[in-house]
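A.B. asks: Before I ask anything, let me first share the structure, which is written out below as structure tokens.
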Amino acid sequence: MIRKLLSAVSRGSDDKVGVARRPGELPEDASRLETMVPRQPPPARNDDGMHRVCEEVEKALRQAGHLR
């Protein structure tokens with residue numbers, strides 16, 4: 001959508017070749033762009049990064065006989 005707008009502004013999609021345009025002038029269809037939906041980041045999957053470390057330490061301690 002933005003690519004279409006920029007190409008229309010830069011070279012004039014409906015204009016004849018050689019016709020000068022004002023730099024701030026946009027084509028008529030540029031004002032009819034769809035509204036953009038705000039993007040949300042994905043939900044966090046691993047908030048506690050030390051949880052796996054603690055599990056591995058506990059497993060190693062159990063195997064060594066320090067925990068029962």
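A.B. asks: Scan region 30-68 for residues that are surrounded by 10 or more Cβ atoms within 10 Å (Cβ to Cβ), within 30 Å of MET1 (Cα to Cα) and at pLDDT 75 or above and jot them down.
C.D. replies: Within region 30-68, none qualify.
A.B. asks: What are the pairs with Cβ atoms under 7 angstrom where one residue, in region 27-43, is in a loop (DSSP other than H, G, I, E, B) and the other, located anywhere, is loosely packed, with under 10 Cβ neighbours inside 10 Å? Sequence gap at least six, or different chains.
C.D. replies: From region 27-43, the pairs are PRO27/ASP14; LEU33/MET1.
The values are calculated or read from the model by the stated rules, or taken from the named source; none is laboratory data. Remember, predicted model here, so these are calculated numbers, not experimental data. Please note: Cβ atoms are built from the backbone with ideal geometry, for glycine as well, and neighbour counts cover all protein chains shown.
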